[in-house]
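Student: Questions regarding the structure given below will be posed in turn.
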Amino acid sequence: MIAMARLLERYRNEIAPKLQKELGLKNILAVPRLERIVVSMGVGRAIQDRKRLEEAVTHLRQLTGQQPAITRAKKSVSGFRLRKGMEVGCRVTLRGKRMYEFLDRLISLALPRVRDFRGLNPNGFDGHGNYNMGLNEQLVFPEIDPDSVHYQQGMNIAFVTTAKNDEEGYLLLKELGMPFRKAGAQR
């Protein structure tokens, strides 16, 4: 038997029934759920130094367990010496068991290691129940060996949910364990 991700099991057994009751939904399939997590790194300096992109791809592969896709520039910007089609970043889309395992590691291991962490900004929702957050460096994940890091690299993490609005998305992520900052608290 294949082991189920700890957070996925908790979602199915505890969180979904609780959200169904809170939101007054009749069908369990109407309860908001996490659809995918997209982790991306924009490596603008990869234009001058190809090693930066290669290191970012290696670290993203270590964090997610999947081979990242290289992202290319959509248009040319002469001020940045950027040509259409140049490789400028990488990203991974996580679904299923890997997605829940990544989320579990993010909540329980990485976020507590962020310096001066006081909670995630609850204003990172897009109006459709999806949430975006950024990390300044990849070293907050224990999988990354600090000796292998030559260039500090930030990343964006997008949580795509089936929620209809931000309130439902907030409830879902809060129940999954996301440490949101209190509404009145400052940075």
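The values are calculated or read from the model by the stated rules, or taken from the named source; none is laboratory data. These numbers come from a predicted model, not from an experiment. Heads up, the Cβs are rebuilt from the backbone with ideal geometry, glycines too, and the neighbour counts pull from every protein chain shown.
Student: If the requirement is being free of Cβ contacts under 8 Å to residues at least 40 places away in the same chain and crowded, with 17+ Cβ neighbours inside 10 Å, which of these qualifies: Asn123, Asn136, Asn130? Write out each step before concluding.
Tutor: On the way: Asn123 fails: crowded, with 17+ Cβ neighbours inside 10 Å; Asn136 fails: crowded, with 17+ Cβ neighbours inside 10 Å.
On inspection, the qualifying residue turns out to be Asn130.
Student: Does Arg181 count as free of Cβ contacts under 8 Å to residues at least 60 places away in the same chain and basic (Lys, Arg)?
Tutor: Details: free of Cβ contacts under 8 Å to residues at least 60 places away in the same chain: no; basic (Lys, Arg): yes.
When the stated conditions are applied, Arg181 does not pass them.
Student: Hey, another quick one. Could you run through region 163-177 and say how many residues are more than 15 Å from Ile107 (Cα to Cα) and surrounded by fewer than 17 Cβ atoms within 10 Å (Cβ to Cβ)?
Tutor: 3
Student: Same structure again: Residue by residue through region 145-162, note down the ones that are farther than 18 Å from Arg105 by Cβ and at pLDDT 90 or above.
Tutor: Val160, Thr161, Thr162
Student: Among Phe125, Phe117, which is the only one that is under 28 Å from Ile15 (Cα atoms) and touching a strand residue (DSSP E or B) at 6+ places or on another chain (Cβ under 9 Å)? Give the steps one after another, and end with the answer.
Tutor: On the way: Phe117 fails: touching a strand residue (DSSP E or B) at 6+ places or on another chain (Cβ under 9 Å).
On inspection, the qualifying residue turns out to be Phe125.
Student: Kindly list the number of the only condition in (1) more than 24 Å from Leu60 (Cα to Cα); (2) assigned to a loop (DSSP other than H, G, I, E, B) that fails for Tyr170.
Tutor: (2)
Student: Which residue pairs have Cβ atoms closer than 6 Å, lie 6 or more positions apart in sequence or on different chains, and pair a first residue in region 25-53 that is at pLDDT below 90 with a second residue that is surrounded by 13 or more Cβ atoms within 10 Å (Cβ to Cβ) and aromatic (Phe, Trp, Tyr)?
Tutor: Qualifying pairs under 6 Å: Arg52/Tyr151.
Student: Let me ask something additional. Quick one: count up the residues across region 125-148 that are under 13 Å from Met41 (Cβ atoms) and part of a loop (DSSP other than H, G, I, E, B).
Tutor: Total satisfying the criteria: 4.
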